[in-house]
Amino acid sequence: MSPIETDHKTIKRIFKESLAETLHENRQLFEEIITDVFEDLALSEAIKEGKETEKVSREEIFRTLEQSQ
């Protein structure tokens, strides 16, 4: 095996180990990041759907919200 291949494999192994350790030690941060990503995706989808639906008045929105309480 050439030194370059060995170095590449070593770097790859070290990177994987470092990433795994970081994710393990910062699990809460990672969960928050994933949650934020899913919320952003959901908001993006809602915006896309909203652009394709019929427009309603502000009063109708608040009336609907009041009825759901």
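Values in this text are rule-based calculations from the coordinates and carry no lab data. As the structure is a computational prediction, the values presented were derived from the model and not from experiment. Don't worry about glycine lacking a Cβ; one is built from the backbone with ideal geometry, like all the others, and counts go over all protein chains shown.
Among His8, His24, which is surrounded by fewer than 10 Cβ atoms within 10 Å (Cβ to Cβ) and without any contact (Cβ under 8 Å) to a residue 12 or more places away in the chain?
Answer to the check: His24.
Is it the case that some residue within the range 30-40 is without any contact (Cβ under 8 Å) to a residue 60 or more places away in the chain and not in a helix (DSSP H, G or I)?
No, that holds for no residue.
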